[in-house]
Amino acid sequence: QVQLVESGGGLVQPGGSLRLSCAASERIVSIYTMGWYRQAPGKQRELVATVTSGGTTKYADSVKGRFTISGDNAKNTVYLQMNSLKPEDTAVYYCNLEKKNFYGGTISIYWGQGTQVTVSS
């Protein structure tokens, strides 16, 4: 069972920056997609950004040009650099790991506990 531990959330003013980290408890050797989702009060959880084991990234339209996802395989960690933050970015951010088979099918899904990001003056 893979554990995902998130850190880096907090309170920031509009226009500010934060970096979220998500560390997996073990080295991921399979094909995978890893990334971040967020959920604001009263709204559904939505994709923010993901990166595959092959290095392909995907972003929600609302964060393109402002957020950057990256990974450090040696540390089993994925990062989300968030710049030019807006009040509408306020949400609980969840780390996600999906292990895939050779054909792209999902084998297993893991979630972190979530970290709060609040953008407010």
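The single condition among (1) in contact with a Leu (Cβ under 9 Å, 6 or more places away or on another chain); (2) surrounded by fewer than 19 Cβ atoms within 10 Å (Cβ to Cβ) that P87 does not meet is (1).
Conditions (1) under 18 Å from V92 (Cβ atoms); (2) open to solvent by less than 60 Å² (accessible area, probe 1.4 Å); (3) acidic (D, E), marked per residue:
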{"site": "V12", "(1), (2), (3)": "yes, yes, no"}
{"site": "A24", "(1), (2), (3)": "no, yes, no"}
{"site": "I28", "(1), (2), (3)": "no, yes, no"}
{"site": "Y32", "(1), (2), (3)": "no, yes, no"}
{"site": "G55", "(1), (2), (3)": "no, yes, no"}
{"site": "A60", "(1), (2), (3)": "yes, yes, no"}
{"site": "T68", "(1), (2), (3)": "no, no, no"}
{"site": "K75", "(1), (2), (3)": "no, no, no"}
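Residues that are without any contact (Cβ under 8 Å) to a residue 40 or more places away in the chain and among the polar types (S, T, N, Q): does the range 35-48 have at least one? Yes, because at least one residue in the range 35-48 is without any contact (Cβ under 8 Å) to a residue 40 or more places away in the chain and among the polar types (S, T, N, Q).
Scanning the range 95-121 for residues that are open to solvent by 40 Å² or more (accessible area, probe 1.4 Å) and either within 17 Å of G10 (Cβ to Cβ) or outside any strand (DSSP E or B) (or both) yields N101, F102, Y103, G104, Q113, Q116, T118, S120, S121.
None of D72, D89 is within 15 Å of G10 (Cα to Cα) and charged (D, E, K, R) except D89.
Among G16, G54, G8, G71, which is among the small types (G, A, S) and on the phi > 0 side of the Ramachandran plot? Before the answer, list the steps.
Working: G16 fails: on the phi > 0 side of the Ramachandran plot; G54 fails: on the phi > 0 side of the Ramachandran plot; G71 fails: on the phi > 0 side of the Ramachandran plot.
After ruling out the rest, the residue left standing is G8.
For the range 77-86, the criterion of being touching a strand residue (DSSP E or B) at 6+ places or on another chain (Cβ under 7 Å) and over 30 Å from S121 (Cα atoms) is met by at least one residue. Taking the listed residues R45, R38, the one that is within 24 Å of T118 (Cα to Cα), basic (K, R) and open to solvent by less than 20 Å² (accessible area, probe 1.4 Å) is R38, with no other qualifying.
The values are calculated or read from the model by the stated rules, or taken from the named source; none is laboratory data. Just so we're clear, the structure is a prediction, and the values are computed from it rather than from any experiment. Note: ideal-geometry Cβ built from the backbone for every residue, glycine included; neighbour counts use all protein chains shown. Side chains are part of the model used for accessible areas, which takes the heavy atoms of the whole protein and leaves out ligands, DNA and RNA. Shrake-Rupley method; radii C 1.70, N 1.55, O 1.52, S 1.80 Å.
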